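Participant: Okay, handing you the structure first.
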C-alpha cells in the first residue's frame, strides 16, 4: 500500500519526441486511478515509468516515500498486468503464479500457500495444472492478475487489461476488477483508452492528451465540469457537440447565437461570459441534454431553440441516437428516448437546458466557468 | 474432389521421387549389397564373403581410433558450437533493440558458412602453418611463443585444430538461427520477468532457453550428424595424419575404398556409419522432445 507521486516527470525519446511532458500528479494510497486518453497520449509511458520499464528523462517518481528513479523494476515493489498478459507459455498456471515468489526465494510452503490463496481469490484453482495455451482469454487475464496479487506489491499497474476480451466478458471482468480492488485495496494505476472503463472504474481519472495531463478529477466532475474542450469531447459517448457561437445580450440576458442557433445562457455563467460579448466562443452541449423543444416543459426560454432536420436515426433499443443537421449545415448528435418518433427528413426544433451548456475559450480551449 | 487432388500432385512428385530413388536410395541399397562382397572396384569381379567385412571391422584398430575421434567430437562440437552461437546471439539481440551495424555482423559471422569447405580447409592450413602461418606468427609477436605449436602436425593437437575450424565455420549459422528465434520471443515476457524480480541470468535461463528449445534441438541434431561425418575438412586439412591422430570414420572409409581398393570393406564401413547416424538422430529426437509451445 503506497501512494505514487509524479513530480514534474518528463519523458523524452532520442530524436526529440516528448511522450510525457511535466506530469504532476499524486495517486493516493489505496486509490484506483485511471489514466485515460487516446492512443499516443503518453498514458502507457507514464505507467511504465512507474514500473521502471522506461527511463525517466526529467523529474522524479516517488512510491511511498522513496524516490524510485534509479531503482530497477524488481526493487520498486510494483506488480503489473500486461495487455497481452505475458504469461510464461512453458510454465503451468501454478508455476506462473509461483515464479515471482521463487525469484524472491520464498520458501516452498509459503509459496504454495500464497499461490493457492491468490488462485482462490480469483477462482482459478481448477486451472493450476494447465498451461496458458489451454486457457480462455478471461482465464488468462485472471492468471495475469493472480501473478500480480500473489506478490502483495505496494502498487498495481494495469495496462489495458480488458482490451483483448470480447464486449460481454469485458463488462463482467470490469465488475470483478472493481470487487477485487475493494477486497485487496492496493493502490492501482489503470491505463485505458476506453472512457467508459475509466468512468465506471476510477476513483479519480487522469485524462491525458499528447503527453500532457488535461484534468485529474472524479468521474462526475470530469463529466460536469470539464477543464477544456478536449476533456469535454473525450468523456461521454457519443461525444459532446461543439458549435461556434457569438455571445449577445438581449433583454438583459445573454444568448449564444449563430445562424440557426439561439440558446439562452444560464445566469450563473453570465459574469464569466461578459468578456465574450460580441465575440466568438465555443459552445458545447452533450447529446443527452438535447431535447425536443415541444417536450421541453419550460426548461428553456421560449426563444431558446435550434431548428434542425433529422439526418440519420440509430436505434439502440433502450434509446436512439439522432444525427441532426442545423441550418448552417453542421451536424449535431442527440440522444433521445426510444419513443421519439423521428425519421429522416423530419424538421423539428430542439433545445437544451441553459445550465447544461458548456463554453470554451476559442483560443485556449479552456472551459469558461 | 480428393481424387482430383492426387491426380495433380503425383505428376509433380514423381520426378523428384525418381531422382531420389536413383541417386540416393539406389546407392544406399548398393552399398549394403556391396558390403557382403570383396571387390577391388575396378572390374565387375565380386566375391561373396558374407559378414566377413563386418567381422574385420570389429577387429580393426584403425577403425576404432577413427570412431573414437568421432565420438569425442560428438560431445565437443555441439557443446561448443551451440554455447558460442548462443553467446553471440544474446549479445546480438542485446535487449531486443538490436545492435548498431547488426546487418554487418550478421554477414561477417555467417560468411564462413557460405564458403566451400575445401576452401576453408586450405585457408586454415595456411593459418596453422607452424612457421609462416598467421596464428603462430601472431603468438610469437605478442611474446607467447611457447603457445606456437605444430598444430596440424602434432598428434596431440591435430584433431582439435580441425575441430576448431569446424566450429569456426558453423557458429555463424547457428547464431543467425538463434537470433531469429530470440527475436520472435515477445518482449513482454522479459518485462514481466524483470518486474517479477528476474536478473539477466534468470531471464536467460527461465525464458530465453525454454522458448528457444526447438531451435537448440535442431542445432544439436544437425551438429551431431555432422560430427559423424567431417569427411571433407579432415581429408583436406590433415588426411587423418599424423598417424591417424586426426582421422574420422568417413575419411577412413574413403581410404579403404580409393587408396586400398577395398570397396566391399568400405561399403561395410558406410553401412555401419549409416546405422550409427540413424540411431543417433532418433535417440536425440526422442530425448530432446518437449511439448509444443504457443506464444
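The values are calculated or read from the model by the stated rules, or taken from the named source; none is laboratory data. Keep in mind that what you see is a predicted model, and the values were worked out from it rather than measured. Note that we place each Cβ from the backbone using ideal geometry, even for glycine, and neighbour counts take in every protein chain shown.
Participant: Quick one: count up the residues across segment A:9-58 that are closer than 20 Å to residue A:188 by Cα, more than 20 Å from the chain's Cα centre (by Cα) and not in a loop (DSSP other than H, G, I, E, B).
Facilitator: Matching residues across segment A:9-58 total 2.
One line per residue, one yes/no per condition, for (1) farther than 23 Å from residue B:223 by Cα; (2) in contact (Cβ under 8 Å) with a residue 12 or more places away in the chain:
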{"residue": "B:101", "(1), (2)": "yes, no"}
{"residue": "B:114", "(1), (2)": "no, no"}
{"residue": "B:118", "(1), (2)": "no, yes"}
{"residue": "B:132", "(1), (2)": "yes, no"}
{"residue": "B:142", "(1), (2)": "yes, no"}
{"residue": "B:154", "(1), (2)": "yes, yes"}
{"residue": "B:172", "(1), (2)": "no, yes"}
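Results for (1) on the phi > 0 side of the Ramachandran plot; (2) within 18 Å of the chain's Cα centre (by Cα); (3) not in a helix (DSSP H, G or I), shown as yes or no for each residue.
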residue	(1), (2), (3)
B:232	no, yes, no
B:241	no, no, yes
B:246	no, yes, yes
B:264	no, no, no
B:269	no, no, no
B:279	no, yes, no
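Participant: Still on this structure: Here are the criteria: (1) surrounded by 14 or more Cβ atoms within 10 Å (Cβ to Cβ); (2) over 25 Å from the mean Cα position of the chain (by Cα); (3) closer than 29 Å to residue A:221 by Cβ. Tell me which single one residue A:335 does not satisfy.
Facilitator: Unmet condition: (2).
Participant: Going by the conditions given, is residue B:104 modelled with pLDDT under 90 and under 30 Å from residue A:82 (Cα atoms)? So that I can check it myself, show each step before the final result.
Facilitator: On the way: modelled with pLDDT under 90: yes; under 30 Å from residue A:82 (Cα atoms): no.
Taking the combined requirement at face value, the residue does not satisfy it.
Participant: Taking segment A:65-76, which residues are more than 10 Å from chain B (Cβ to nearest Cβ) and touching a strand residue (DSSP E or B) at 6+ places or on another chain (Cβ under 9 Å)?
Facilitator: Answer for segment A:65-76, where residues must be more than 10 Å from chain B (Cβ to nearest Cβ) and touching a strand residue (DSSP E or B) at 6+ places or on another chain (Cβ under 9 Å): A:67, A:68, A:69, A:71.
Participant: Next question. Taking into account only those residues within segment A:104-117 that are closer than 13 Å to residue A:150 by Cα and within 14 Å of chain B (Cβ to nearest Cβ), which is surrounded by the fewest Cβ atoms within 10 Å (Cβ to Cβ)?
Facilitator: So the first thing to find is which residues in segment A:104-117 are closer than 13 Å to residue A:150 by Cα, and the list is A:104, A:106, A:110-117.
Next, only the ones that are within 14 Å of chain B (Cβ to nearest Cβ) stay: A:104, A:106, A:111, A:114-115.
On the way: A:104: 12, A:106: 18, A:111: 20, A:114: 19, A:115: 24.
Among those that are closer than 13 Å to residue A:150 by Cα and within 14 Å of chain B (Cβ to nearest Cβ), it is A:104.
Participant: Just to be sure before I move on: is residue A:157 more than 30 Å from residue A:362 (Cβ to Cβ) and either within 14 Å of chain B (Cβ to nearest Cβ) or buried (at least 23 other Cβ atoms within 10 Å of the Cβ) (or both) in the structure I sent?
Facilitator: Numbers: more than 30 Å from residue A:362 (Cβ to Cβ): yes; either within 14 Å of chain B (Cβ to nearest Cβ) or buried (at least 23 other Cβ atoms within 10 Å of the Cβ) (or both): yes.
Against the criterion (more than 30 Å from residue A:362 (Cβ to Cβ) and either within 14 Å of chain B (Cβ to nearest Cβ) or buried (at least 23 other Cβ atoms within 10 Å of the Cβ) (or both)), residue A:157 qualifies.
Participant: Then there's this: Can you tell me how many residues in segment B:221-230 are assigned to a helix (DSSP H, G or I) and surrounded by fewer than 20 Cβ atoms within 10 Å (Cβ to Cβ)? Walk me through it before giving the result.
Facilitator: Going through segment B:221-230, the residues assigned to a helix (DSSP H, G or I) turn out to be B:221-227.
Retained after the next criterion (residues that are surrounded by fewer than 20 Cβ atoms within 10 Å (Cβ to Cβ)): B:221-222, B:224-226.
Qualifying residue count for the region: 5.
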